[in-house]
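The values are calculated or read from the model by the stated rules, or taken from the named source; none is laboratory data. What you see is a predicted model; the values in this text were computed from it and never measured. Every residue, glycine as well, gets a Cβ built from its backbone with ideal geometry; the counts of neighbours run over all protein chains shown. The protein model used for the area step is the full one, side chains on, heavy atoms only, and it has no ligands, DNA or RNA in it. Shrake-Rupley method; radii C 1.70, N 1.55, O 1.52, S 1.80 Å.
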2 protein chains.
Amino acid sequence: MRLVKVLTVGAGAVGAYFTGRLAQTGKAEVSVVVRSDYDAVKQDGFHIQSECGDFVFHPAGVYRSAEEYPDEPDYLVLSSKALPDIDEPALIRGAVKSPGTTIVLIQNGIGIEEPLAQAFPENEILSTVAYIGATRTAPGVVRQKGSSELKFGRFGGGDSAAGRRLEELYRGTSVKASFVENIAYYRWVKLLWNLPYNPVSVLGGGLDTKEMSDRGPVENLCRELMEEVRLVASSCGVDLPQELVERNIEYTRNFPPYKTSMLVDFEAGRQIEVEAILGNVCRLADRSGISVPRMKTCYALLAALDRKHREKSR
Amino acid sequence: MRLVKVLTVGAGAVGAYFTGRLAQTGKAEVSVVVRSDYDAVKQDGFHIQSECGDFVFHPAGVYRSAEEYPDEPDYLVLSSKALPDIDEPALIRGAVKSPGTTIVLIQNGIGIEEPLAQAFPENEILSTVAYIGATRTAPGVVRQKGSSELKFGRFGGGDSAAGRRLEELYRGTSVKASFVENIAYYRWVKLLWNLPYNPVSVLGGGLDTKEMSDRGPVENLCRELMEEVRLVASSCGVDLPQELVERNIEYTRNFPPYKTSMLVDFEAGRQIEVEAILGNVCRLADRSGISVPRMKTCYALLAALDRKHREKSR
């Protein structure tokens with residue numbers, strides 16, 4: 001059986017974990033493009049500590065850029081952060097040599113697929129929503145907690161042989177992977193949580209999920225931000241039932257307190273995903289003439305805060 | 001001529017400056033209640049560095065509490081910060097012995113007079129708006145920059161003999177003091193600037209006036225917050241002309257960059273005036289059923305941030 005060829009670009013904690021699990025199946029040959037952790041990964045691979053079993057992931061090839069990859073991947077997995085200064089097409093162009101490569105984009109936020117769709121009109125794009133708690137704790141070392149889940153579907157919707165094949169590859173692993181025909185819906189569902197709680201955790205001075213569940217003004221702001229998300233989603237043809245709002249509130253109240261990923265990035269002095277989580281959604285609202293005053297307030301404040309914070313850390 | 005008796009309670013930079021200028025006239029006998037700077041002021045008075053002339057202000061009496069004041073003041077000037085944990089009536093009760101004492105309240109914000117009016121129904125309250133840049137740079141040392149202005153008027157509006165007499169006392173000094181019949185209007189005019197720029201400077205990560213004048217999203221948020229202030233003011237019978245909004249934008253763009261007083265307090269780890277500047281205005285909006293989504297977003301975030309920040313500084 002020919003091995004499925006996978007190239008993971010921007011292999012941080014999330015990318016390393018998910019494609020490491022693919023490599024474990026023995027059915028895929030997974031190579032990676034890494035930058036800051038190149039030396040550690042080249043020498044030792046990724047050491048992954050996971051509640052579903054620790055393992056060492058030795059990539060088939062370790063490269064500093066996509067250009068160095070000598071082959072033609074079946075799946076090119078891009079799992080970098082969604083940041084405006086990253087030219088994603090440029091990151092992967094060197095390895096996308098034919099329409100035979102399916103681009104798998106694992107990122108948070110909304111409106112993040114367009115630049116890739118425009119740059120690679122011949123390639124199928126699988127938009128992916130990941131549910132995972134994974135952190136890089138040292139060069140080449142990843143700690144993963146709890147369960148892990150991947151939902152992917154064709155950007156634009158509809159059936160996909162590549163999507164079904166990827167689901168098949170994950171069968172039997174600890175990753176709950178599923179191909180869906182309406183990935184846009186799941187992206188919006190995830191955003192429904194991310195859009196309020198990520199920015200509010202940062203703007204509120206470093207609030208964890210428990211502190212945001214104050215049954216008062218902060219929780220109420222989160223609820224109203226979710227209602228604004230529902231309006232924008234609806235204008236994009238995605239119907240998010242109101243129950244999801246209350247489910248998010250309940251989930252956040254009852255889950256053990258944790259810091260949002262945006263807060264973790266912020267406190268580490270890293271750039272945060274302001275545009276993917278807030279900016280793009282505000283622009284969709286503008287395009288449809290929808291009023292989202294709370295979202296725009298958070299967007300203006302968070303963009304300024306992010307800029308100022310990185311200025312200070314420099 | 002009998003000297004006018006003044007007792008200044010909470011004599012920080014602003015109170016010391018304005019009542020020090022009164023003492024300089026030779027027509028007033030000014031005593032002070034101070035806490036943290038008691039020793040310095042008791043020994044050396046206030047050393048005031050001012051563009052309108054340096055001077056040393058030796059109070060007639062220096063006390064640790066209002067109870068110690070042996071006399072009955074004509075004017076009791078209260079110039080503490082407007083913070084919810086400060087019991088203002090308790091701060092001054094010991095010195096308010098008869099209806100002959102006029103209470104002069106120098107504070108920012110809206111809805112700050114009520115607790116005093118309820119505690120001292122027999123006493124006239126002069127609500128005061130101060131325009132001054134004054135900072136305490138060391139114990140008993142105050143630096144004042146630029147011009148200084150006081151507007152005061154009877155809480156509730158109307159004529160006031162005590163107000164006119166205070167205006168008269170300031171005549172010939174460098175303080176531009178004026179009695180007005182409609183002080184509520186001037187309070188709202190000052191709030192029209194304070195409500196957007198103070199919170200946004202803090203929530204945006206420490207923005208000075210220049211950085212808030214970005215001719216983009218931050219300035220636009222400030223403009224929209226001002227429009228929300230206009231709605232609430234209008235529901236309170238105060239008409240703030242739209243031109244004032246654009247005038248504030250222009251002023252902020254063109255004035256040399258500076259940090260708002262709220263930002264200065266925040267960076268020094270001090271409690272900020274969230275309720276006087278934002279909370280009370282949101283509650284007025286609620287009472288009138290007015291929608292102020294941006295203001296409420298800033299209020300929820302700023303209250304959380306203030307709490308969290310002081311937790312961390314402890």
**Fill in**
Among the residues of the range B:141-167, the number that are of a type in the set (Ser, Thr, Tyr) and over 23 Å from residue B:99 (Cβ atoms) is 2
**Request:** Having 1 or more residues that are within 13 Å of residue A:134 (Cβ to Cβ) and within 20 Å of the chain's Cα centre (by Cα) is the bar; report the strands (runs of 3 or more DSSP E) wholly within the range A:10-73 that clear it.
**Result:** A:46-50
**Item:** Near pairs, Cβ below 7 angstrom, 6+ apart or cross-chain, from the range A:246-265 (under 11 Å from residue A:193 (Cβ atoms) and without any contact (Cβ under 8 Å) to a residue 40 or more places away in the chain) to any residue that is open to solvent by less than 80 Å² (accessible area, probe 1.4 Å) and of a type outside the set (Ser, Thr, Tyr)
**Value:** A:249/A:219; A:249/A:223
**Complete:** If we keep only residues of the range A:289-314 that are in contact with a Leu (Cβ under 6 Å, 6 or more places away or on another chain) and open to solvent by 20 Å² or more (accessible area, probe 1.4 Å), then the residue nearest to the other protein chains (Cβ to nearest Cβ) is A:294
**Request:** Look at the range B:181-197 and say how many of its residues are open to solvent by 20 Å² or more (accessible area, probe 1.4 Å) and either free of Cβ contacts under 8 Å to residues at least 12 places away in the same chain or closer than 12 Å to residue B:128 by Cα (or both).
**Result:** 6
**Asked** Just checking, which of A:150, A:169, A:126 is surrounded by fewer than 21 Cβ atoms within 10 Å (Cβ to Cβ) and aliphatic (A, V, I, L, M)?
**Response** A:169
**Single unsatisfied condition, residue B:87 versus (1) under 26 Å from residue B:184 (Cβ atoms); (2) in contact with a strand residue (DSSP E or B) (Cβ under 9 Å, 6 or more places away or on another chain); (3) modelled with pLDDT under 95** = (2)
**Prompt:** From the list B:150, B:91, B:166, which residue is in contact (Cβ under 8 Å) with a residue 12 or more places away in the chain, hydrophobic (A, V, I, L, M, F, W, C), assigned to a helix (DSSP H, G or I) and farther than 21 Å from residue B:271 by Cβ?
**Reply:** B:166
**Request:** Out of B:211, B:124, B:168, B:149, report the one residue that is at pLDDT 95 or above and outside the structural domain of residue B:35 (by TED's automatic domain parsing).
**Result:** B:211
**Message:** Scan the range A:210-218 and tell me whether some residue there is in contact with a Pro (Cβ under 7 Å, 6 or more places away or on another chain), farther than 20 Å from residue B:221 by Cβ, basic (Lys, Arg) and within 14 Å of chain B (Cβ to nearest Cβ).
**Reply:** yes
**Request:** Kindly check whether there is at least one residue in the range A:109-116 that is out of contact with any Cys (no Cβ under 6 Å at 6 or more places or on another chain), β-branched (Val, Ile, Thr) and open to solvent by 20 Å² or more (accessible area, probe 1.4 Å).
**Result:** no
**Request:** Would you please list the contacts, defined by Cβ atoms under 6 Å and residues six or more apart or on different chains, that run from a residue in the range B:32-59 that is in contact (Cβ under 8 Å) with a residue 12 or more places away in the chain and assigned by TED's automatic domain parsing to the domain that holds residue B:172 to a residue that is of a type in the set (S, T, N, Q) and crowded, with 19+ Cβ neighbours inside 10 Å?
**Result:** B:32/B:8; B:50/B:144; B:59/B:31
**Message:** Given the criterion farther than 21 Å from residue A:203 by Cα, within 14 Å of another protein chain (Cβ to nearest Cβ) and modelled with pLDDT of 95 or more, identify the matching residue among B:247, B:230, B:283.
**Reply:** B:283
**Message:** Looking only at the range B:173-209, how many residues end up being over 18 Å from residue B:280 (Cα atoms), polar (S, T, N, Q) and either away from chain A (no Cβ under 11 Å) or touching a strand residue (DSSP E or B) at 6+ places or on another chain (Cβ under 9 Å) (or both)?
**Reply:** 5
**Item:** Count of residues meeting criterion [touching a strand residue (DSSP E or B) at 6+ places or on another chain (Cβ under 6 Å) and acidic (Asp, Glu)] in the range A:99-115
**Value:** 1
**Item:** Of the criteria (1) away from every other protein chain (no Cβ under 14 Å); (2) within 22 Å of the chain's Cα centre (by Cα), which one residue A:253 fails
**Value:** (2)
**Message:** Going by what's in this entry, would residue A:29 be described as under 23 Å from residue A:113 (Cβ atoms) and either surrounded by fewer than 13 Cβ atoms within 10 Å (Cβ to Cβ) or not aromatic (Phe, Trp, Tyr) (or both)?
**Reply:** no
**Message:** Checking the structure you have, find out if any residue of the range A:153-161 is assigned by TED's automatic domain parsing to the domain that holds residue A:64 and within 20 Å of residue A:31 (Cα to Cα).
**Reply:** no
**Looking only at the range B:113-136, and only at residues there that are without any contact (Cβ under 8 Å) to a residue 60 or more places away in the chain and among the polar types (S, T, N, Q), the one that is farthest from residue B:94 (Cα to Cα)** = B:128
**Request:** Name the one entry in B:100, B:94 that is open to solvent by less than 30 Å² (accessible area, probe 1.4 Å), at pLDDT 95 or above and small (Gly, Ala, Ser).
**Result:** B:94
**Prompt:** In this structure, does residue A:74 turn out to be within 24 Å of residue A:165 (Cβ to Cβ), at pLDDT 95 or above and out of contact with any Gly (no Cβ under 6 Å at 6 or more places or on another chain)?
**Reply:** yes
